[in-house]
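Here it is, the structure, as structure tokens.
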Amino acid sequence: MRAWLGLTTVLLTVACTSGGPPAPAAVPTPSASPVAGDLTDYRAGLEEAWSHIVAREGETLPSSIADPTAAASIEIPTHSSIDGAVRYFSTKIKDSIQGSILRSSQYRTMIDGVLAEKELPGAIAWLPVIESAYFPSLTSKAGARGIWQFMPATAREYGLRVDWWIDERNDPEKSTRAAATYLKDLHRMFGDWSLALAAYNCGPGRVRKTLEREGVTTFWELLERSALPKETRGYVPTFWATLMIVSDPAAHGFVMSEPVAIEKARIEIEGPVTLDYVARVAGIEPKVLQDFNPALHRGLVPPGRHSLSIPPAAREPLLASANRMRFDDPDLPVTLYRLSSSETVASLARRLELDRKTVSEMNALRSDRLGAGTTLYLPTSTTRLSETLARKRSQVPEVYVVEKGDTLYGIARRHGLTLAELRELNELGEGRVIHPGERLQVGQGTVATGQ
């Protein structure tokens, strides 16, 4: 699991009132997606919070008030860094923590159910407060994504589909199941929640090696020796601080809202088709459909049959056209293409002016050379593909006449080609010898048109 990204709402400094905890803030409406420009500011804010927490590691502070009934699912450790985190969350970044707590209402019922099924403490439901602020599509600079901030490799290891078409790290329920399994594995490894959380943040291998190197057994000993990364030393206390706050929000100047139940239906759709077009047929806002299906991170239903999550009222309008929408969508940005006998992915991408890597990722290709007649999805619309092909047909081959002493490798280099590309352009076999005077195609030249 990657290092923690942090919350994603605007960092606002809240002055601490004297004579008791700050008054509860007005309840804002939870937002489903991050506001542009907020991520960098709040990332910096939480990094500052971690620095603040680590700087006060050895300071003795009064114990914060916690409700043992609300925190009964897990034992909250006692440490000055946790008290420092509670104070910091309750003052400097209070508005952001408050927004995250409120946003959790969209997911708490689902998360609680998964944790109960996996026999994990209900307290783990609050870990996304310090991971993602419950933004399902949040992506870090390091590439971690979703409310549980999975990196691609760990996500795939725990059964999530992550490819060009679908990223199930964005799916709150599927990613919650994966995170619950991963956290259960980590707790089984270390037998302690603070160490398990540290491993979730910086990796189990690093935690295990650090414990062995330092000759200690607890996270708190590692923290006091500054043996783990600074981020991890702040990450673990902030989780316990979050749990203390949600265990007794009023005592810390916060409010919580009741879990929100959102009704959803499902329908099988034949793709590829854009979510915008599906929304148009269903008579709903495209953003609603995207929010219901955050794993479809490109706004596309992938090829084949896919179960789409929709508002119940949208089911009836979609039933009649679920299988033909892919033929009717006028804005579909992908096209199915059949390879000829002489084409490779590289030559096709070059000829059609497409990104070779994208073509490979779209089709999950392991090789550049495919058989004739292979069909591939291309990242271009049918209209644009037709225009490109028409333009290419108006071009004539650029030809080089072989001279004495020439080699295929040298000719290829002079014309910006690989040896394989030059062979392919001219259908030259591996053992083929070239001769002076022979004409080789080395590119495309545009036909000159007069006025």
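Laboratory data are not the source of any read-out in this text; all were calculated from the coordinates shown. Values in this document were obtained by computation on a predicted structure and should not be read as measured data. Here the Cβ is made from the backbone with ideal geometry for all residues, glycine too, and neighbour counts use every protein chain on show.
Identify the GluC sites (Glu not before Pro) of the stretch 343-384 meeting these criteria: DSSP loop state and at most 11 other C-beta atoms within 10 Å of the C-beta. Numbers along the way, then the final one.
Details: sites: GLU343, GLU353, GLU361; in loops: GLU343, GLU353.
The qualifying sites are GLU353.
Kirkwood hydrodynamic radius for the stretch 333-393: how many Å is it when counted over pairs of different Cα atoms?
Working: mean 1/r = 0.0864 Å⁻¹.
Evaluated on the stretch 333-393, it is 11.6 Å.
For the stretch 333-393, what is the charge dipole size about the Cα centre, in debye to the nearest 20, if Lys and Arg each add +1 at the Cβ and Asp and Glu each add -1 at the Cβ? The partial results should precede the final answer.
Numbers: 11 positive and 6 negative charges, 35 e Å.
For the stretch 333-393, the charge dipole is close to 160 debye.
Let me ask you something else. Which loop GluC sites (Glu not before Pro) in the stretch 256-319, with loop taken from DSSP, have no more than 14 other Cβ atoms within 10 angstrom of their Cβ? Could you put the intermediate results ahead of the total?
Working: sites: GLU263, GLU268, GLU270; in loops: GLU263.
Sites meeting the loop and neighbour criteria: GLU263.
Same structure again: Mind checking which lysines have their C-alpha under 30 Å from LYS141, skipping anything on the same chain fewer than 8 residues away?
The qualifying lysines are LYS92, LYS94, LYS174, LYS184, LYS209, LYS230, LYS287, LYS357.
Right, another one. The stretch 347-395: which trypsin sites (Lys or Arg not before Pro) are DSSP loop and have at most 10 other beta-carbon atoms within 10 angstrom? Mind dumping the intermediate values first?
Numbers: sites: ARG350, ARG351, ARG356, LYS357, ARG366, ARG369, ARG384, ARG391, LYS392, ARG393; in loops: ARG366, ARG369.
Within the stretch 347-395, the qualifying trypsin sites (Lys or Arg not before Pro) (loop, at most 10 other Cβ atoms within 10 Å) are ARG366.
Ordered by packing density, taken as the mean number of other Cβ atoms within 10 Å over each peptide's residues, highest first, how do 425-433, 224-232 rank?
On the way: 425-433: 10.9, 224-232: 16.6.
Per-residue Cβ counts within 10 Å, averaged per peptide and sorted highest first, yield 224-232, 425-433.
Can you tell me the order of 310-316, 238-244 when each peptide is scored by its average per-residue count of other Cβ atoms within 10 angstrom, highest first? All intermediate terms of the calculation are to be shown ahead of the outcome.
Values: 310-316: 15.4, 238-244: 25.9.
So the peptides 310-316, 238-244, ranked by packing, come out 238-244, 310-316.
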